[in-house]
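The values are calculated or read from the model by the stated rules, or taken from the named source; none is laboratory data. In this text, all values refer to a predicted model and were calculated from it rather than measured experimentally. Counting neighbours? That spans all protein chains shown, and the Cβs are built from the backbone with ideal geometry, glycine included. SASA here: full protein model, heavy atoms, side chains in, ligands and nucleic acids out. Shrake-Rupley method; radii C 1.70, N 1.55, O 1.52, S 1.80 Å.
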Amino acid sequence: MDHQNISVHSGYRIEVCKEYDFLSNEYSGLFESAAATAFQSPLWLHEFYKTLVPGSGAEPIIMKIYREGQKQPEVILPLVRETYFGIQIIQPADLGVADYNAVIGSPKSLEDVCAVPGLASKILTAMKPYHILLFRKQPPSTFDASKLFSKARKTPNISSSYEVEIEQTHEHWLKTHVSKNMRKGLRRKLSGFQKDHGPLEYSELSNEADIENAFEIMRDLRAGRYETDLFSRPEYFTFYRNLAVKGAQTGMTSTFVGKLEDRIVSIDFGVRHKGRFLFLLAAFVDDEDMKRYSLGLLGLNEKIRHEADLGTTIFDFTIGDEAYKLSFGAEQIPLTNVTVTSGPIGQLAFTAYQSRGPFRRTLKKLMPKFS
C-alpha cells in the first residue's frame, strides 16, 4: 500500500494512503458512530474508489487520523485529487455523484482533533500538493469540516437540498404536506392514464437481472432527455448499477419501477440510511401519447407511498432547486462549502468558483465535476 506517515507531537498521527478497505469492520464501526450520510457509507465508498476513480483519472487520497498508540483511526477523510490545466483540486469522494459530503468520525473524536493546537495545519500539509481544497455540499447535520482546516472559508453552496417528513401514512403525508390542487392533479393523471392505457403496477426490484435491465432502460431514457448526463459515461453507469445490485441485497439501495403490462415506464433509484430515503436518479417514458400524464411525478408519488409503508421517516430529494420538490411539500435545507486555497492559482480558482458570471460558466465547461 502506498502511504506516508506524518508524526504529530501532540498525541496524534496522520496517515495518507491511496487504498483502504471501506468494507472492513473497522470502517463500518467508525461510520456508524459518525454524523455522516449515505454517500460515505461502506458500500458507496467501496464502489466509488473501485469503479469510479480509476475511470475518472482522479488520484485517491484517503486520510486517516489516529491517536498515538491506537491501531484504529478516529477520523477518516475520503478524498480525491484532480488536475485541470495545471490546477490541482482536492475534493471529498464525490466526482459528481455525492450530494452531501462529510468527515467520518464520532462527534467527540472530531472535537478532540480540532482542539489540538497546530493539527489543522498538519492536516493540510499532509494533503499537499494542491491549489484549492474544496469541501462542497456540507449539510447542517454533519460535522463542520471548516474546523479541521486552518484558514478555511465557509460559504453557501449555490444549490440547496430538499426533504420532507413522511408522517404516519402516505395518505396523511399527502393531506398535510401536499396542496389540494397537486393531490387532485395526481389522481386525475393516474386515472386518466389507466383509462387510456391500462393499469400501472409499481414494485421494488430485487433480482440482479431485473435491476440491470432497468438500469439499461434508464440509461436509454435519460440519454434522450439530457444532453449531458454523467450517468451516460461508462464508469458512472457501472458505479450506479453495481451499487444498485449489491445494495439491494441488504435493502440499502432501491430500484423502483412502474410497469404498463411488461413495459417499464418509470424508474426511481435511491439509497436508504437511518430511516432516510435519498432520491438520486429517475427516468420515465416521455412518448407523445404519454406526456400529459406526468409519469415521473406519478412514479415519485408511488415511491413515497412505498417508503412510507416501509417505515421511512424522511424522504430526501437531495440537492437541486427543482420546483417539483416544493410541490411535494419539501423543506429547503441550506448546504455550505468549505474552501482552503494555496497560492495565487488557488485564489484565482476560488474566485472563479464564487463568481456567478461568464468566468464561472467557462470553469464549469472545463471542469464539470468542480462546479
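Quick notes on this one:
- Any hit, segment 229-239, residues being outside any helix (DSSP H, G or I), surrounded by 14 or more Cβ atoms within 10 Å (Cβ to Cβ), out of contact with any strand residue (DSSP E or B) (no Cβ under 8 Å at 6 or more places or on another chain) and modelled with pLDDT of 95 or more: no
- Any hit, segment 157-171, residues being part of a helix (DSSP H, G or I), open to solvent by 40 Å² or more (accessible area, probe 1.4 Å) and either touching a residue at least 40 places away in the same chain (Cβ under 8 Å) or not polar (S, T, N, Q) (or both): yes
- Residue, least open to solvent (accessible area, probe 1.4 Å), within segment 75-93, restricted to residues that are in a loop (DSSP other than H, G, I, E, B) and at pLDDT below 95: G86
- Taking segment 200-228 as the range and being of a type in the set (D, E), touching a strand residue (DSSP E or B) at 6+ places or on another chain (Cβ under 9 Å) and within 14 Å of S254 (Cα to Cα) as the test, the residues that pass are E204, D210.
- Residues in segment 193-223 that are within 18 Å of N242 (Cβ to Cβ), in a helix (DSSP H, G or I) and either open to solvent by less than 70 Å² (accessible area, probe 1.4 Å) or not acidic (D, E) (or both): 10 in all.
- Complete set of residues in segment 240-276 that are of a type in the set (V, I, T) and in contact with a strand residue (DSSP E or B) (Cβ under 6 Å, 6 or more places away or on another chain): T253, T255, V257, I264, V265, I267, V271
- Of K64, K137, all but one fail to be open to solvent by 10 Å² or more (accessible area, probe 1.4 Å), under 24 Å from P334 (Cβ atoms) and outside any loop (DSSP other than H, G, I, E, B); the exception is K137.
- Among the residues of segment 96-115, those that are among the aliphatic types (A, V, I, L, M) and either closer than 21 Å to H273 by Cα or open to solvent by 20 Å² or more (accessible area, probe 1.4 Å) (or both) comprise V97, A98, A102, V103, I104, A115.
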